[in-house]
1. Using the per-residue mean of other Cβ atoms lying within 10 Å as a proxy for protection, in what order, highest first, do the peptides 73-81, 216-224 fall?
2. Place a point 7 Å from the Cα of M265 along the Cα-to-Cβ direction; which residues of segment 145-168 have their backbone N under 20 Å from it?
3. Given +1 on the Cβ of Lys and Arg, -1 on the Cβ of Asp and Glu, and no further charges, what dipole in debye does segment 47-100 carry about its Cα centre, rounded to the nearest 20?
4. For segment 181-289, what relative contact order do you get, as a whole percent, if you take Cα pairs closer than 8 Å and at least 6 residues apart?
5. Whole Å is fine, so just give me how far the alpha carbon centre of segment 248-274 lies from that of segment 177-244.
6. List, in the order given, every pair from K91/K135; K91/K144; K67/K170; K88/K254 whose Cα-Cα distance in the structure shown is over 26 Å.
7. Determine the sum of side-chain charges near H52: Lys and Arg each +1, Asp and Glu each -1, restricted to other residues whose C-beta is under 14 angstrom from that of H52.
Amino acid sequence: MEQKKPVSRRTIISGIGVMGSCAALGSSIFPAPAISAPRYATAFALVGDRFHNSDYIRTSLGKTLVKDAGLSIDFTDEVTLLNAETLKHYKMVIVFRDGMLWPEGYHGWFAGYDPSTGHKIESVPPIPPLNGEAKMWMQPEQGKALRDFVERGGAALFYHNVSHVSLSNKDFREVEGAVYTGHPEVRPFWVRITNKEHPITRGVSDFLVTDEQHYVKYEKDPKYVFMKSENADGISFGDQGTSCEAGWAYDFGKGRACFMGPGHMISAMWNPEYEKLQKNAVNWLMKKA
């Protein structure tokens, strides 16, 4: 009797599809096809954190970059997959998340109080007290892997709150170009195009969004900045004023890197002018423009 071959499946990333292969069962009627190599998209995207649900990010980028711009993306929220082994299969890396994880549970009401009912959260049997301490997830080797990837010719697209990752990793900070300093509550702000000659801003006008206006300490040459955010009501954020760098791009080794600040709300991600910027950025990063 013919012995059936076991079905095997190798999964690397949760998100768009399964990048693995499945050996067909042996058959005397239909020959088993050759096992195909794993299939990878053009871009690897690490997205989503406690305050930024990965679903709205995947939905927004799925429309603008995948459907409209034709970029294939493998999405994941598993931070350990940002490593040298993963990146060698891609031409672009997208990072859209902050630098924190809560491995021992969230602090505040999540840990023991439900404000919607006013009741203490009970458990039978009881659970241990939740630590509630945030930890930075990026390890030194992960930052080095990303830096090596871009220096060797890869493209890096950074969104919104990613400057928070730079607080804990020198190599990542060097590629991304800035470090997070804070943000006010969601409020309207203008995005002002400051360099209309850059390929990323081609055909893009100033636009207004209601979003988190992230503030950073920008650490590269001012000539690389192509847009700034400006509070619509003239309200300062601490001693950092009403405006901050909100978009920049530059060559980094043989590759390229770009950061763009808006992104807390899907309505901001789908602002028509911002959609133009995002699609232009992909073309520039991939050296198509």
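1. 73-81, 216-224
2. Counting backbone N atoms under 20 Å from the label point, the list is 159-162.
3. Dipole magnitude for segment 47-100 comes out near 200 debye.
4. 29
5. Taking the Cα centre of each part, segment 248-274 and segment 177-244 sit 11 Å apart.
6. K91/K135; K67/K170
7. Summing Lys/Arg as +1 and Asp/Glu as -1 gives -3.
Bear in mind that the values in this text are calculations on the coordinates, not laboratory data. Source: prediction; values computed, not measured. Virtual Cβ from ideal backbone geometry, glycine too; neighbours counted across all protein chains shown.
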